[in-house]
Amino acid sequence: MTEQPPFTMSIDMSVLEALGIKLYSNAAAVLTELVANAYDADATLVQISWDVDESSVIVSDNGCGMTQQELNDRFLKTGYQKRPAEGPHSKIWNRPFMGRKGIGKLSAFSIADEIFVYTTKDEESIGCRISVSKLRKQISLGLPYHPEKVEIPEEYSGAGTTIVLRRLTSKRVRLTAAALRKRLARRFDVLDQTPPEEGGFRIEIDGQQLTFEDRQELKRLEFLWEFGEQRLPDHALPAGVKRYVIGECMVGGRDDWEVRGWIGTARTPSDLADDGESGSLKNIMVLARKRPIHEGIIDKLDFSRVFGNYVTGQIEADFLDDDDEDDIATSDRQRLIEDDPRVQGLHSFLRDAFQAASEQWNAERPRRKARDAFEEFPALREWHDSLPGWQHEPATKMISTIAALTLDQRNEREYRASLYRSGVLAFARIGLREKSDELDQLSTLDAEHLLQLFGAQGEYEASLWADILRGRVGAIQKLDQLSDDNEIERVVQEHVFRHLWLLDPSWERATEDAHMEKSLHRIAPGLFPRDVKGNQIDGRIDIRYREAAGTHVIVELKRYDRSCDIDELVSQGSKYFDALSSVLEQQNRSDERIDVVFVLGGAPTVKSRHSMRDDDELIANRLREINGRYRLYRQLVRNALKQYNDYLDATTRAHELERLLTSLDTE
């Protein structure tokens, strides 16, 4: 008579694929199922050995274990529902069962091709080996699969159950042990300190117990709202976190639909971003019976406020997994059936909770951010305290708004300091307007009021001008540091038209009627430049503009590496000089002065000599014929740098507001 195989596993291929191999999206979700089984088996300790390099994951617990019959009827039978068969609670510790569908063990097939099950109950130890590839082959032939009976290694012969996953087959296991700790810690509400002898439950990964230290989202909280009462221990939270309690915990007014848990906000949305280990923390995990039943419910709340970008949390809603109600969790327990009244009620409840929390957040966060900014930049506190009392609140709001900005900058602190400086200047400008408005309210004006306004105006203008100068100095310094002379030429040529102060700081904000690369035919509408013989003069002027004082300036830019003869320059300059003179004469404006400026890479050369004078004197005399002069690219940059530094030093010494602004750069 043929001996009956000790183990039998029967499952349809579509079920194996849909509910096992393809259902679970990550290793943490797989381990959640195995840990839940250990919890339901009244274990007080589950130990996970995570060795991806050796292609091995081991999950051991000290629970009640299984007999051979129970292994066949429960573990190897797909769809075994323990709640109807065994009751709603575990026998030893009276725990509400986490499992419900009887398919969680199939999750292991999504990450391993070989699974060993070792279990001991009532001093009976049994073990079997499941080959996923052989299981699939038998299923494809329409035959039952019989796992292989194996001996139990000595280290796994104690009470409880050990599941060994070998020949890991999926990228889903590409996690470090540290990453697994962080992800698994979010998936169970079992991090209390209840001792094992009282039914406490511990999870260990590579010998280290999961604790609140592994809850990364808790470490990043700035504000916290807890439902019903404060339950999170202080040691699990950052110092200074602002805590609130939401008193209303009943969904839809029903006493049997209670919500516990918490929601919280981080300092910045980037604090909740995926760091490669924790995964994205920007979601709210919904738990029922201490394990996940829905991930990322925040996406279902249609809550578009800025507040939603900062939120994380954990909601405990056991009524979603009530034994007397329909099962509304999807097979992987990562989503819920959304048209169920319980789910709709939870959505409505959470939207209201979000609304209340966001109002508190919007009121308190500016004050919190301002305090942080004052600590980081003491000069801001000094400025704030120097303002009239009625300006304190708007100044605080301005500072907190800048402090709350998410900046994707390497030098974030320096960039934020520059924003504070701009904010202070803008605030000072608004303050001037307020002072001017005050004068309108006075029935009589006296010298004291006017002097106050003039003093504030002068202080503001000096600070604003110094701010511009500082930016100019920084730009010129970077230009001067360029080692490539041709790069210097390119940058200067691109910007000299828009920034004529590069040619001469005295031209700052003193120009009008500026034109770039304009044909001589278009200097003035309807007028054509002509020489002394009446012939039309052709050509294009690189840059032409008129100073506020009336002088016309023509600028000719030469390539850096081009050698220019003085005769060539004078010839070209004379053409431009004569053309503009002709147009001005036709406009009866011949008394207006014309200057010609050449920007060169090197000093002009002298080919023909008219006397024994040295080259510099000869060049100066020749250029004087057309009111001309030349500037060298490098000289131009360094002269501008020196003059602007001189201006900046003088301004900084003289003005208090500028001193405060400067301190923001140096703190």
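The values are calculated or read from the model by the stated rules, or taken from the named source; none is laboratory data. No experiment lies behind these values; they were computed from the predicted model shown. Reconstructed Cβ throughout: ideal geometry from the backbone, glycine too, with neighbour counts over all protein chains shown.
Quick notes on this structure:
- Comparison of Gly264, Gly276, Gly253, Gly228 shows that the only residue that is of a type outside the set (A, V, I, L, M, F, W, C), under 21 Å from Arg367 (Cα atoms) and outside the structural domain of His89 (by TED's automatic domain parsing) is Gly264.
- Residue within region 189-200 that is touching a helix residue (DSSP H, G or I) at 6+ places or on another chain (Cβ under 7 Å), assigned to a loop (DSSP other than H, G, I, E, B) and not acidic (Asp, Glu) present: yes
- Residue match in region 329-341 (condition: hydroxyl-bearing (Ser, Thr, Tyr) and surrounded by fewer than 20 Cβ atoms within 10 Å (Cβ to Cβ)): yes
- Condition check for Ala363: under 31 Å from the mean Cα position of the chain (by Cα), surrounded by fewer than 21 Cβ atoms within 10 Å (Cβ to Cβ) and not in a loop (DSSP other than H, G, I, E, B): yes
- Qualifying residue in region 388-404 (condition: among the β-branched types (Val, Ile, Thr) and exposed (fewer than 14 other Cβ atoms within 10 Å of the Cβ)): no
- Residue in region 571-592 that is assigned to a helix (DSSP H, G or I), at pLDDT below 75 and buried (at least 20 other Cβ atoms within 10 Å of the Cβ) present: no
- Of all the numbered requirements in (1) surrounded by fewer than 20 Cβ atoms within 10 Å (Cβ to Cβ); (2) in contact with a strand residue (DSSP E or B) (Cβ under 8 Å, 6 or more places away or on another chain); (3) of a type in the set (D, E, K, R), Lys282 misses one, and that requirement is (1).
- Residue that is nearest to Glu338 (Cα to Cα), among those in region 262-277 that are touching a residue at least 60 places away in the same chain (Cβ under 8 Å) and surrounded by 22 or more Cβ atoms within 10 Å (Cβ to Cβ): Ile263
- Candidates are the residues of region 156-212 that are within 25 Å of Phe75 (Cα to Cα) and among the aromatic types (Phe, Trp, Tyr); the one that is modelled with the lowest pLDDT is Phe188.
- Any hit, region 342-350, residues being surrounded by 13 or more Cβ atoms within 10 Å (Cβ to Cβ), of a type in the set (Phe, Trp, Tyr), more than 30 Å from Arg254 (Cβ to Cβ) and at pLDDT 85 or above: no
- Residues that are closer than 20 Å to Gly65 by Cβ and assigned to a strand (DSSP E or B), drawn from region 124-147: Glu124, Ser125, Ile126, Gly127, Cys128, Arg129, Ile130
- Put simply, of Lys137, Lys91 the only residue that is touching a residue at least 24 places away in the same chain (Cβ under 8 Å), out of contact with any strand residue (DSSP E or B) (no Cβ under 8 Å at 6 or more places or on another chain) and not polar (S, T, N, Q) is Lys91.
- The combined condition, being of a type outside the set (S, T, N, Q) and over 45 Å from the mean Cα position of the chain (by Cα), is not fulfilled by Leu45.
- For Asp302, the conditions (1) modelled with pLDDT under 85; (2) part of a strand (DSSP E or B) all hold with the exception of (2).
- Residues in region 165-185 that are among the charged types (D, E, K, R), in contact (Cβ under 8 Å) with a residue 60 or more places away in the chain and touching a helix residue (DSSP H, G or I) at 6+ places or on another chain (Cβ under 7 Å): Arg172, Lys182, Arg183.
- Summed over region 205-219, residues that are part of a strand (DSSP E or B) and surrounded by fewer than 18 Cβ atoms within 10 Å (Cβ to Cβ) total 2.
- Cβ-Cβ under 9 Å pairs, at least 6 apart or on other chains, region 410-424 side over 13 Å from Ala373 (Cβ atoms), far side part of a helix (DSSP H, G or I): Glu414/Asp665; Ser418/Leu664; Ser418/Asp665; Ser422/Ile402; Ser422/Asp467
- Qualifying positions in region 220-238 - over 25 Å from Gln47 (Cα atoms) and either of a type in the set (Val, Ile, Thr) or not in a loop (DSSP other than H, G, I, E, B) (or both): Leu221, Glu222, Phe223, Leu224, Trp225, Glu226, Phe227, Asp234
Every residue, every condition in (1) surrounded by fewer than 16 Cβ atoms within 10 Å (Cβ to Cβ); (2) in contact with a helix residue (DSSP H, G or I) (Cβ under 6 Å, 6 or more places away or on another chain), yes or no:
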| site | (1), (2) |
| --- | --- |
| Asn72 | no, no |
| Glu124 | yes, no |
| Lys137 | yes, no |
| Tyr145 | no, yes |
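- Residues of region 109-123 classified as part of a strand (DSSP E or B), of a type in the set (D, E, K, R) and more than 12 Å from Leu71 (Cα to Cα), total: 2
- Taken over region 237-258, the criterion of being surrounded by fewer than 10 Cβ atoms within 10 Å (Cβ to Cβ) and under 12 Å from Glu226 (Cβ atoms) is satisfied by Gly247 alone.
- Restricting attention to region 62-117 and to residues that are modelled with pLDDT of 85 or more and small (Gly, Ala, Ser), the residue that is farthest from Glu198 (Cα to Cα) turns out to be Ala112.
- Pairs with Cβ under 8 Å, 6+ apart, first in region 211-239 and β-branched (Val, Ile, Thr), second assigned to a helix (DSSP H, G or I): Thr211/Ala185
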